[in-house]
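Encoded as structure tokens, the structure appears first; notes follow it.
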Amino acid sequence: MTNEILVVVAAAFVFACGAMGVVYRKNPVAVLMSVELMINAAILLLILGSRIHGNAEGQAAGLLVLVLGAAEAVVGLALALAVFRSRSRVDVDEPKEIAG
Amino acid sequence: MRPARRSGHDDHELAAGGSPPLRARAGERTRADDEAETPTTPTTTKQETTTRRLDRPGKPANRAGMELSAPVAVCCALAALSALGVVLLRRPVHVALGLLGHSLSMAALYLTLSAQLMAVAQTLIYSGAIVVLFLIVVTLLPEGGQEKLSFGGIFLAVMAGAAVLAVLGGALAGFFAPGSTAALPVLAGEGPSVKEVGKPLFSTLVVPFELTAPLLLAAIVTAIALWRRQEKPRAGGLD
């Protein structure tokens, strides 16, 4: 077991946790947090790659992904508030107006 | 390196053919060279290993850099545990705190990987801004965002998690194989400095970097537009 393999395994585990949360959760905020977990796992792999190859571009790309995650959280949270503020129950499966 | 040395040796021998005193001196030199030759053999092997290390980093000489270190293990364990907490905890406030712990342990993990800039950015942007935003939204949701989770949902979620893990494991199988080219070692010493990380943002990654500006602007405009649709138009207000 080496450092890199441990970090890769941890990233895969965190990503799988995020995927589980997206499927399992009913609360839109918790779903968004699970998506953040997946984004974090991706950033971790970018940084590990940057470290292994001694290349700074991976870290720079990681910074951009971080900004992407922030923008996604802002829009997602605004949507969640707009849809669920006036409802009595919080359940992402319930609203019919945003169903395709 | 070695052929050059040989030719120098030949030059001495040629010179040795000249006059007796020269030969004597040259003879001394050759003996000295011969004596030097014996310890040179390990040097050459060392050079060979150096070139091999450059060609295929990750082979035996760099083993020390690959061994499992305690800080990395602790940070990985914390990140995995807090990720589980995010998925399994019931109350949204606890989930947000789990995400806070996860983001902080990720920042520590970045530090162990010598990515100082990313560690600072993770702490400031994720722990400082995004988690606080999540907490504010949790308080604004009805019933504090309490949810009713079903048993079938758990089963489905475990299936989804197992499927994702299987797919990732298959994709990363090459990484685990011993002697694969993908299994490069973590380099010893310092990682790239902030200056080096900033350079690609203005050269190779300049287009994505510039595109983050309209992205953030669009995110802000969307958030405000979505929120204003919720507000009742007020008499004499801005609407």
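Among the numbered conditions (1) farther than 28 Å from B:Ile154 by Cα; (2) touching a helix residue (DSSP H, G or I) at 6+ places or on another chain (Cβ under 6 Å), the only one that A:Leu68 does not meet is (2). Look at A:Val67 and say whether it is under 30 Å from B:Phe209 (Cβ atoms), more than 7 Å from chain B (Cβ to nearest Cβ) and not small (Gly, Ala, Ser). Here the answer is no, as A:Val67 does not meet what is asked. Criterion applied to B:Ile136, B:Ile130 was being at the interface with another protein chain (Cβ under 7 Å from one of its Cβ atoms) and β-branched (Val, Ile, Thr), and the one residue passing it is B:Ile130.
The condition of being hydrophobic (A, V, I, L, M, F, W, C) and either modelled with pLDDT of 90 or more or over 28 Å from A:Val75 (Cα atoms) (or both) holds for B:Leu117.
Only one of B:Val138, B:Val131 is under 16 Å from A:Ala73 (Cα atoms), at pLDDT below 90 and surrounded by 13 or more Cβ atoms within 10 Å (Cβ to Cβ); which?
B:Val138
Tell me, please, whether a residue that is more than 7 Å from every other protein chain (Cβ to nearest Cβ), among the polar types (S, T, N, Q) and more than 19 Å from B:Leu97 (Cβ to Cβ) can be found in the range A:84-96. Scanning the range A:84-96 turns up at least one residue that is more than 7 Å from every other protein chain (Cβ to nearest Cβ), among the polar types (S, T, N, Q) and more than 19 Å from B:Leu97 (Cβ to Cβ). Look at the range B:122-142: where a residue is in a helix (DSSP H, G or I) and a partner is aromatic (Phe, Trp, Tyr), sitting 6+ places away or on another chain with Cβ atoms under 8 Å, you get B:Gln122/B:Tyr110; B:Pro142/A:Phe84.
The values are calculated or read from the model by the stated rules, or taken from the named source; none is laboratory data. As the structure is a prediction and not an experimental result, all values here were calculated from the model. Here Cβ is always computed from backbone atoms with ideal geometry, including for glycine, and neighbour counts include all displayed protein chains.
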